[in-house]
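The values are calculated or read from the model by the stated rules, or taken from the named source; none is laboratory data. Here the structure is a predicted model, which is why all the values come from computation and not from measurement. Heads up, the Cβs are rebuilt from the backbone with ideal geometry, glycines too, and the neighbour counts pull from every protein chain shown. Note: accessible area is taken over every heavy atom of the protein model, side chains too, but ligands, DNA and RNA are not part of it. Shrake-Rupley method; radii C 1.70, N 1.55, O 1.52, S 1.80 Å.
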Amino acid sequence: MKRPGIPLPLFLLPLMIVAALSAFSPARADEVPYETTPENVVEAMLAIAGVGAQDNLVDLGSGDGRIVIAAAKRHGARGLGIEYDSELVELSRRNAKREGVADRAKFLKQDIFDTDIRKATVVTMYLLPEVNLDLRPRILFELAPGTRVVSHDWNMGDWEPDDHAVVSVEDKKVYPLAHSTVYLWIVPARIAGFWRGTLSGPDGEERVVIEFAQRFQEATATLWLKRWTMAGSARIRGDAVSLTVDRSSWKEDAAPLLFKMRVAKDRIEGEARVGGERYLLRAKRLTN
Ligand SMILES: C[S@@+](CC[C@H](N)C(=O)[O-])C[C@H]1O[C@@H](n2cnc3c(N)ncnc32)[C@H](O)[C@@H]1O
């Protein structure tokens, strides 16, 4: 296990090589080296996720426990650190006790891939690019919509972040030097598939089937109406869906409808207003 504080360049070199090689030979989770997130970057991670007293934060690979402890101490959150190095788990527990947050900052000696993360409202990680990708299907399909996921330095491949921030780090000893990037993703509701319901507006109500094709937080939509179809595009942020519907197939000069929608389990509902007119779109998920 590498420890911070070992003088350069002996310490710097292996980490840079691991990071560079990971592009060519996928890293395994057990190759993630121990390196701590600088305190100002910890704060930036918690800030970009908007961590607060109502949150359950899980740090995957928690090292000395600093992210979980900061979330509990400075933001009033409950936190769980998952770490497979038992010495680091013991160190984290001592640190949490010293900081007076042992009741809200817990640590488990466990492999992150064997951990149930479904109750988390915030997940943080400082791992490696390939390990983030290994975790990606679990993040997308196990976590509740709206869960915030924050990664220090490594992104999630072609799943674009919803936000990011670059933070200066003067004495950073690992790649990339001099700064850190923190990335935020908000787990999107899974809306892909068919939904049946109604579209109502100034001219009355009509039955509609909505077909969504989704990739991460983006979706395309087809609205199947009695005599025509309308195309749409959507952006998903947790359970909130912003759906823009192009009405030119109905009337060439008709302005698009911008629906602000919410998904709750098997229902989606929202309204759009244009030129003093109000449209309501509501539908239930079709299961076959
Ligand atoms: C780069 S450190 C980050 C430590 C801490 N999260 C921070 O940001 O300061 C990554 C940590 O993940 C742990 N780790 C790596 N793979 C793991 C796995 N599969 N299960 C549990 N812990 C793991 C390592 O032991 C190491 O402590």
Report task. Please identify the pairs in which a residue from region 65-85 that is in the same structural domain as Leu127 (by TED's automatic domain parsing) and closer than 13 Å to Thr37 by Cα has its Cβ atom under 6 Å from the Cβ atom of a residue that is β-branched (Val, Ile, Thr) and assigned to a strand (DSSP E or B), counting only partners at least 6 apart or on another chain. Result -> Ile67/Thr124
Query raised in the report: When region 255-283 is examined, which residues are found to be part of a loop (DSSP other than H, G, I, E, B) and exposed (fewer than 15 other Cβ atoms within 10 Å of the Cβ)?
Result: Ala255, Lys265, Asp266, Gly275, Gly276
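Does region 156-174 hold any residues that are within 19 Å of Val42 (Cβ to Cβ), open to solvent by 50 Å² or more (accessible area, probe 1.4 Å) and not in a strand (DSSP E or B), and which are they? Full working, then the answer.
Within region 156-174, the subset within 19 Å of Val42 (Cβ to Cβ) is 161, 163-174.
From what's left, open to solvent by 50 Å² or more (accessible area, probe 1.4 Å): 163-164, 166, 168, 170-171, 173.
Across region 156-174, the qualifying residues are Glu170, Asp171, Lys173.
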Query - Yes/no for Ile139 being more than 9 Å from the ligand (Cβ to nearest atom) and under 15 Å from Val182 (Cβ atoms) - result: no
**Report entry** So Val174, is it modelled with pLDDT of 95 or more, under 21 Å from Pro38 (Cα atoms) and aliphatic (A, V, I, L, M)
**Finding:** no
Query raised in the report: Is it the case that some residue within region 132-148 is in contact with a His (Cβ under 8 Å, 6 or more places away or on another chain) and either touching a residue at least 40 places away in the same chain (Cβ under 8 Å) or small (Gly, Ala, Ser) (or both)?
Result: no
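Is it fair to say Ile186 is in contact with a Gly (Cβ under 9 Å, 6 or more places away or on another chain), under 21 Å from Leu57 (Cα atoms) and β-branched (Val, Ile, Thr)? Walk me through it before giving the result.
On the way: in contact with a Gly (Cβ under 9 Å, 6 or more places away or on another chain): yes; under 21 Å from Leu57 (Cα atoms): yes; β-branched (Val, Ile, Thr): yes.
Judged against the criteria, Ile186 is a match.
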Query raised in the report: Counting only residues that are more than 8 Å from the ligand (Cβ to nearest atom), part of a loop (DSSP other than H, G, I, E, B) and under 19 Å from Met45 (Cα atoms), how many does region 102-127 have?
Result: 4
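Within region 178-185, does at least one residue satisfy the condition of being more than 16 Å from the ligand (Cβ to nearest atom) and surrounded by 14 or more Cβ atoms within 10 Å (Cβ to Cβ)?
Keep residues of region 178-185 that are more than 16 Å from the ligand (Cβ to nearest atom), which gives 178, 185.
Going one step further and asking which of them are surrounded by 14 or more Cβ atoms within 10 Å (Cβ to Cβ), we end up with 185.
Yes, region 178-185 has at least one match.
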Query raised in the report: Would it be correct to say that Phe141 is among the aromatic types (Phe, Trp, Tyr) and open to solvent by 30 Å² or more (accessible area, probe 1.4 Å)?
Result: yes
